[in-house]
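The values are calculated or read from the model by the stated rules, or taken from the named source; none is laboratory data. In this text, all values refer to a predicted model and were calculated from it rather than measured experimentally. Here the Cβ positions follow ideal geometry from the backbone for every residue, glycine too, while neighbour counts run over all protein chains shown.
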Amino acid sequence: MFSKKILVLAASVVSMFAIAGLAVDAQRRSAADALAEPFVGVTRGGNLEAGLFEISATGVSTAAVVGAARTFLDSLDEQQHAATSFEADSIEWRDWHNVHRYKRQGVARWQMSDEQEAAALDLLRASLSARGFANARDIMRLNQTVRELTERWDEYGEGLYHFTVMGTPSEVEPWGWQLDGHHLVINYFVLGDQVVMTPTFMGSEPVVAETGKYAGTRVFEHEQTKGLALAQALTVEQRASAILSDVVPRGIYTAAFRDNFEMNYEGICAADLDAPQTAMLLDLINEYVGNMDDGHAAIKMMEVREHLDDTHFAWMGATGDDSVFYYRVHSPVILIEFDHQGGIALDTDGATRNHIHTVVRTPNGNDYGKDLLRQHYERHGHDGR
């Protein structure tokens, strides 16, 4: 006979898994509802600012990315190729999620041969800067660390990152690729020599590996310290404008399935910063933009500077040296969010510096290169989505 204590424990375990199942079902329902909405983009009050993005030559070659994508696709077998390949305007672009339990498309690293995995990572390397590639690899490594710490082998690990390719890699026609997994999502749209690398979600828990296979690996040190340094550099009057709350929000606002999020400008305007503070703001933005390959990052920073007077920096939380906080940089052409999170995989109370989420988006309809794709289809008589 089972004791009453064992029966209660068994019921508790069943209840725990039922709750987890309900949470996953709710995620799927939320995703389905969001994906059913026509894409608009992050806007202020639902209104798109027109004329911000145009099809034009950048002079920065995408040949290496095209070649790497072709090599990756050629390495796949017929079944893998079919699972990985989507149309250039596929809804798959928008069907990504940061969480570790989510049904993803494409082929994961763990499903690849050594040759295929090397080709997939070469695509990542060709598309990103050296720093961006290192950041992406370190996030994957830290997902292996949390696997070691929790022993949840089927939920975490460096192999659980899926690659998909939208369209056919081309020097002329629109196409792109996506990397989707826990704490690392990159959407990389290509049209000729133009690139849009948003939404890009990067996060980690933990942010540093104290033990294990990748001991010493650390991420987000610069994003954290540069954001805090800018907040601490503000005058008392400037802080009154920049700081929205002394409470850290529970998450970033434009994570998965928030493609049509409405967000007003808040915080202090860059036009109200002095020269050293403005330099700090640009350096902070470049910390994120600089994950792209160097040439396209320079093009994006030129775009950012063109709208600098409409760029806003907002803060939530405290500004002490060891504080937890949230910050946001928001302009017509870029949105960056950084947030200290509460513990999920690792047990912590409240927001902690050991769990960080970030996201970079292109507001006003050009996430996933959607506005460029729309213009391309209008010119060439296709029906875009």
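Suppose we filter Val360, Val324 for residues that are in contact with a Phe, Trp or Tyr (Cβ under 8 Å, 6 or more places away or on another chain) and crowded, with 18+ Cβ neighbours inside 10 Å; which single one remains? Step by step, each of Val360, Val324 is checked, and only Val360 is in contact with a Phe, Trp or Tyr (Cβ under 8 Å, 6 or more places away or on another chain) and crowded, with 18+ Cβ neighbours inside 10 Å.
Filtered by the rule that a residue be touching a residue at least 60 places away in the same chain (Cβ under 8 Å), under 22 Å from Ala82 (Cβ atoms) and polar (S, T, N, Q), the stretch 96-125 gives a lone residue, Gln105. For the stretch 257-275, residues that are of a type in the set (Asp, Glu) and under 24 Å from the mean Cα position of the chain (by Cα) total 3.
I'd like the residue in the stretch 217-226 that is in contact (Cβ under 8 Å) with a residue 40 or more places away in the chain and polar (S, T, N, Q) and, out of all such residues, is surrounded by the fewest Cβ atoms within 10 Å (Cβ to Cβ). Filtering the stretch 217-226 for residues that are in contact (Cβ under 8 Å) with a residue 40 or more places away in the chain and polar (S, T, N, Q), the one surrounded by the fewest Cβ atoms within 10 Å (Cβ to Cβ) comes out as Gln224.
Are any of the residues in the stretch 80-98 part of a strand (DSSP E or B) and touching a helix residue (DSSP H, G or I) at 6+ places or on another chain (Cβ under 6 Å)? Walk me through how you get there before you give the answer.
The initial filter retains those residues of the stretch 80-98 that are part of a strand (DSSP E or B), namely 85-86.
Among the residues that remain, those that are also touching a helix residue (DSSP H, G or I) at 6+ places or on another chain (Cβ under 6 Å) are: 86.
Looking through the stretch 80-98, at least one residue is part of a strand (DSSP E or B) and touching a helix residue (DSSP H, G or I) at 6+ places or on another chain (Cβ under 6 Å).
Scanning the stretch 126-145 turns up no residue that is more than 19 Å from Phe220 (Cα to Cα), touching a residue at least 60 places away in the same chain (Cβ under 8 Å) and not in a helix (DSSP H, G or I). Among the residues making up the stretch 269-296, those that are out of contact with any Asp or Glu (no Cβ under 9 Å at 6 or more places or on another chain) and under 23 Å from Ile356 (Cα atoms) are Met280, Leu281, Leu282, Asp283, Ile285, Asn286, Val289, Gly290, Asn291, Met292.
Output the number of residues of the stretch 181-216 satisfying the condition of being surrounded by fewer than 20 Cβ atoms within 10 Å (Cβ to Cβ) and either under 16 Å from Val146 (Cβ atoms) or hydroxyl-bearing (Ser, Thr, Tyr) (or both). Full working, then the answer.
As a first pass, look at the stretch 181-216 and keep what is surrounded by fewer than 20 Cβ atoms within 10 Å (Cβ to Cβ): 192-193, 208, 210-216.
Those still in the list that are either under 16 Å from Val146 (Cβ atoms) or hydroxyl-bearing (Ser, Thr, Tyr) (or both) too: 208, 210-216.
Qualifying residue count for the region: 8.
The set of residues from the stretch 227-241 being touching a helix residue (DSSP H, G or I) at 6+ places or on another chain (Cβ under 6 Å) and surrounded by fewer than 19 Cβ atoms within 10 Å (Cβ to Cβ) comprises just one member, Ala233.
Listed by first and then second residue, the pairs with beta-carbon distance under 7 Å, at least 6 apart or on different chains, first residue in the stretch 24-46 and over 18 Å from Arg361 (Cα atoms) and assigned to a helix (DSSP H, G or I), second at pLDDT 95 or above and among the small types (Gly, Ala, Ser), form an empty list.
Comparison of Ala68, Ala83 shows that the only residue that is under 21 Å from Met166 (Cβ atoms), touching a Pro at 6+ places or on another chain (Cβ under 9 Å) and surrounded by 15 or more Cβ atoms within 10 Å (Cβ to Cβ) is Ala68. Can you tell me which residue within the stretch 169-198, out of those that are among the β-branched types (Val, Ile, Thr) and touching a helix residue (DSSP H, G or I) at 6+ places or on another chain (Cβ under 9 Å), is nearest to Val99 (Cα to Cα)? Taking the candidates together, the pick is Ile186.
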